[in-house]
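> Handing you a structure now.
The values are calculated or read from the model by the stated rules, or taken from the named source; none is laboratory data. Here the structure is a predicted model, which is why all the values come from computation and not from measurement. Neighbour counts are summed over all protein chains in view; Cβ atoms, including those assigned to glycine, are modelled from backbone coordinates with ideal geometry.
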Amino acid sequence: MRFAGFAGALAVALLLLGGCSGGLKSNLPIAQLYVLRPTWAASPPAAAAPAAGTVQVTLPLAAAGLATDGIVVLRPGARLDYYGAARWAGTSAAMLQTLAIDALRASNRFSMVESDAGPFASDYVLSLELLHFEAEYTGAGPPTVHVALVCTLGRRGNRDVIVSFGADSKVTADADRMQSVVAAFERATGDALSQVAANVSVAGR
């Protein structure tokens, strides 16, 4: 009888929990997802040099703290942080790889540009390292977005390095608001990748 009474009480408790669970609501804010749509000057097809072969772009190696979909903040005292309730739509490395491919395609200097996961053989490989991709606060006022990459272009066949260079850009946000910070990320990323496209296009001739 005691077991029956315990079983009945347990069943009632489970029913009550089941009825209450549907009404539970989290107080955590829903994270807003952001994408980057930087712009760069595309070379007109008529003005472009003859196609210099094909190139694959590797997934960038990201510095500590940057291999995430969180929007990174660097605060005074070299303290790494992330904006709350705001994230990128993908990891920083994946976004930069895709955007670097877009920038090289817009340069009209190569007959094909794809990721290193692409199915086709390529003449060149562009290796990327992501050193900075954060919004830095140095005091009162809006942050400065810093985007920096180290790029190495080499021939796939013999692994010879053709050129290695850095691409660096800093843009101060118009205001300390998320939309303004994302816009600063777009401008800094667009500038850095324009540098990448210009250096790779010249080296690939």
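> Is at least one residue of the range 69-92 part of a helix (DSSP H, G or I) and closer than 19 Å to E129 by Cβ?
yes
> Mind listing whichever residues of the range 103-136 are more than 21 Å from G166 (Cβ to Cβ), among the charged types (D, E, K, R) and either at pLDDT below 90 or in a loop (DSSP other than H, G, I, E, B) (or both)?
Hit for the range 103-136 is D123, nothing else.
> While we're here: Spot the failing condition for A140; the list is (1) surrounded by 19 or more Cβ atoms within 10 Å (Cβ to Cβ); (2) free of Cβ contacts under 8 Å to residues at least 60 places away in the same chain, and only one is missed.
With (1) surrounded by 19 or more Cβ atoms within 10 Å (Cβ to Cβ); (2) free of Cβ contacts under 8 Å to residues at least 60 places away in the same chain applied to A140, the lone miss is (1).
> Something else now. Consider the range 147-161. How many of its residues are without any contact (Cβ under 8 Å) to a residue 60 or more places away in the chain and surrounded by 14 or more Cβ atoms within 10 Å (Cβ to Cβ)?
The qualifying residues number 7.
> Moving to a separate point now. Determine whether the range 19-32 contains at least one residue that is surrounded by 15 or more Cβ atoms within 10 Å (Cβ to Cβ), part of a strand (DSSP E or B) and modelled with pLDDT of 50 or more.
Scanning the range 19-32 turns up no residue that is surrounded by 15 or more Cβ atoms within 10 Å (Cβ to Cβ), part of a strand (DSSP E or B) and modelled with pLDDT of 50 or more.
> Could you please find all residues in the range 73-119 being crowded, with 19+ Cβ neighbours inside 10 Å and in contact with a helix residue (DSSP H, G or I) (Cβ under 9 Å, 6 or more places away or on another chain)?
Scanning the range 73-119 gives W88, M95, L96, L99, A100, A103, L104, S107, R109, F110, V113.
> Residues to consider are A197, A188, A183; find the one that is within 15 Å of A103 (Cβ to Cβ), surrounded by 14 or more Cβ atoms within 10 Å (Cβ to Cβ) and out of contact with any helix residue (DSSP H, G or I) (no Cβ under 9 Å at 6 or more places or on another chain).
A188
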